[in-house]
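Report on one structure; see the data block that follows.
The values are calculated or read from the model by the stated rules, or taken from the named source; none is laboratory data. Model, not experiment: these values are computed from the prediction. Glycine also receives a Cβ, built like all others from the backbone with ideal geometry; neighbour counts cover every protein chain displayed.
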Amino acid sequence: MNLHNLKPAEGSVKNTKRIARGEGSGHGGTATRGHKGAKSRSGYKSKIGFEGGQMPLQRRVPKFGFTNPNRVEFNGINLDTLQLLMENGKISDTVSLSDLVENGLVSKKDKVKILGRGELKSKLVIEAHAFSATAKAAIEALGGEAKTV
């Protein structure tokens, strides 16, 4: 096989329909656009969500709910993740926010909440912005400490 004898598979390439190239082509005149109206003109673009004059869906469906501008978003880190890092030697027995940033669990500006999924097997002193009740109980049961920053 050489470059000069490469060609596409039989039937995979079709000739393009050459519209608006005269009456003899069979696609002259209105150039497959029908007669008159905005859709036949050049530069036509309908509004997003336009349904032909019918009340559009985004206006038919009522608004509801509300977003609290004062909400504080926390990044959750579970106890099983901390245990895994401890086993791999990536953190010591004291875990600060900078340790979590170094291991790629959170970014510098994130607020961190320690959550209670999984089991903690070693005593840890953990610094975070918030703790769930189950996580705090699990940490303190092993003699560790949950410090709120």
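Key figures
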read-out: Residue that is surrounded by the most Cβ atoms within 10 Å (Cβ to Cβ) [pool: residues in the stretch 115-125 that are more than 30 Å from the chain's Cα centre (by Cα) and closer than 20 Å to V101 by Cα]; value: L124
read-out: Flag if G53 is farther than 30 Å from K121 by Cα and surrounded by 10 or more Cβ atoms within 10 Å (Cβ to Cβ); value: no
read-out: Boolean, K63 is of a type in the set (K, R), in a helix (DSSP H, G or I), surrounded by fewer than 13 Cβ atoms within 10 Å (Cβ to Cβ) and at pLDDT below 95; value: no
read-out: Neighbours by Cβ (under 7 Å, 6+ apart or cross-chain): first from the stretch 31-53, within 29 Å of T16 (Cα to Cα); second part of a loop (DSSP other than H, G, I, E, B); value: A31/I19; A31/A20; T32/I19; A38/Y44; K39/R33; S40/T30; S40/R33; S40/G34
read-out: Breaking point among (1) surrounded by 12 or more Cβ atoms within 10 Å (Cβ to Cβ); (2) touching a helix residue (DSSP H, G or I) at 6+ places or on another chain (Cβ under 7 Å); (3) in contact (Cβ under 8 Å) with a residue 24 or more places away in the chain, for N103; value: (3)
read-out: Residue within the stretch 45-52 that is in contact with a helix residue (DSSP H, G or I) (Cβ under 7 Å, 6 or more places away or on another chain) and of a type in the set (A, V, I, L, M, F, W, C) present; value: no
read-out: Leading residue by the ranking (farthest from K147 (Cα to Cα)) among those in the stretch 68-100 that are of a type in the set (S, T, Y) and in contact (Cβ under 8 Å) with a residue 24 or more places away in the chain; value: T81
